[in-house]
Amino acid sequence: PIASASIAQVHRGTIFEGREVVFKIQRPGIKATIEADLKILWSLATAVENYFPQSHSFRPKALVKMFERSIRKELQFQEEAKNLLRFKDQFEGNPNIYVPDLYPDFCSANVLCMEYIDGKKITNKAQQKRAGVLGSEIARKGIDLYFEQVFDHGFFHADPHPGNIFLLKDGRICMIDYGMMG
């Protein structure tokens, strides 16, 4: 894998037309593992609420419910594919962002196939220098992109950590991993 997370691994490949892609592949047995983990979380949240009245303001069961809803969505790779396509459509023509192509013929409930992105983490200072952009410019672009997502489209990338945001050689920002959207 070129990347790995709790529910999937990402592998690089080439499809028939010679295009470089990545395959996000769900870990075998991950759904059963998540179900077991959710049962444990529900038991813990119930025990905390029952035995520690001061915990009520933190709403442990509500937190578990939110987490459960989110993790179940992340397991739906077909939903992630729809999210990517919607995001791509919303930003068509925007010169500050690049959204990878999706290859639906190679996608399934457990596999997502998208364009390989030749970029570096947004925090990579050497890449910033090569692209000829200052950190402050990247920050401004990023803020503008998030404002557009939230205020213009009402649909935003909800997992914006440095592993999911790349800086391309031409200075554009590219987001990956559309499993968690708000």
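Worth pointing out:
- Length gained on full extension, ILE15 to LEU85, computed as 0.36 nm times the residue gap minus the Cα-Cα distance: 23.3 nm.
- Counting only protein chain heavy atoms and rolling a 1.4 Å probe, the accessible areas of LYS121, LYS169 rank, largest first, as LYS169, LYS121.
- Cα lying deepest toward the dipole's positive end in the chain, options ASN164, MET114, PRO104, charges on Cβ: ASN164
- Once C-alpha pairs closer than 8 Å and six or more residues apart are averaged by separation and normalised to the residue number of the chain, the relative contact order reads 21 percent.
- Relative to the longest principal axis of the Cα atoms of the chain, the long axis of helix 135-147 makes an angle of roughly 60 degrees.
- Rounded to the nearest 10 degrees, the angle from helix 60-74 to the longest Cα principal axis of the chain is 40 degrees.
- Cα centre as origin, Lys/Arg/Asp/Glu Cβ charges: segment 62-182 dipole, Debye: 480
- Range in the chain, longest, excluding exposed chymotrypsin sites (Phe, Trp or Tyr not before Pro) [loop by DSSP; at most 14 other beta-carbon atoms within 10 Å]: 17-154
- Given the chain, longest segment not containing exposed loop GluC sites (Glu not before Pro) (DSSP; at most 11 other Cβ within 10 Å): 93-182
- Computed magnitude of the charge dipole of segment 62-103 (debye, nearest 20; Cβ of K, R +1, Cβ of D, E -1): 240
- Global dimensions of segment 28-92 from alpha-carbon coordinates: Rg and Dmax equal 16.4, 53 Å.
- Fully extending the segment from PHE106 to GLU49, taken as 0.36 nm per residue of separation minus the present Cα-Cα distance, adds 16.0 nm.
- Along the axis of the charge dipole computed for the chain (Cβ charges of +1 for Lys and Arg, -1 for Asp and Glu, origin at the Cα centre), the listed residues MET175, HIS56, GLY93 are led at the positive end by HIS56.
- Think of a 1.4 Å ball rolled over the protein heavy atoms: the chain then has 60 Å² of accessible area per residue.
- Shown in residue order for segment 25-32 are the 3J(HN,Hα) couplings computed by the Karplus curve 6.51 cos²θ - 1.76 cosθ + 1.60 at θ = phi - 60°: 10, 5, 5, x, x, 5, 5, 5 Hz (x for Gly and Pro).
- Shown in residue order for segment 100-111 are the 3J(HN,Hα) couplings computed by the Karplus curve 6.51 cos²θ - 1.76 cosθ + 1.60 at θ = phi - 60°: x, 6, 9, 10, x, 5, 10, 9, 8, 5, 10, 9 Hz (x for Gly and Pro).
- Taken over the chain, the alpha-carbon convex hull comes to 142 cubic angstrom per residue.
The values are calculated or read from the model by the stated rules, or taken from the named source; none is laboratory data. Nothing here was measured: the structure is a model prediction, and the numbers come from that model. Note: ideal-geometry Cβ built from the backbone for every residue, glycine included; neighbour counts use all protein chains shown. All accessible areas refer to the heavy atoms of the entire protein, side chains included, with ligands and DNA or RNA removed. Shrake-Rupley method; radii C 1.70, N 1.55, O 1.52, S 1.80 Å.
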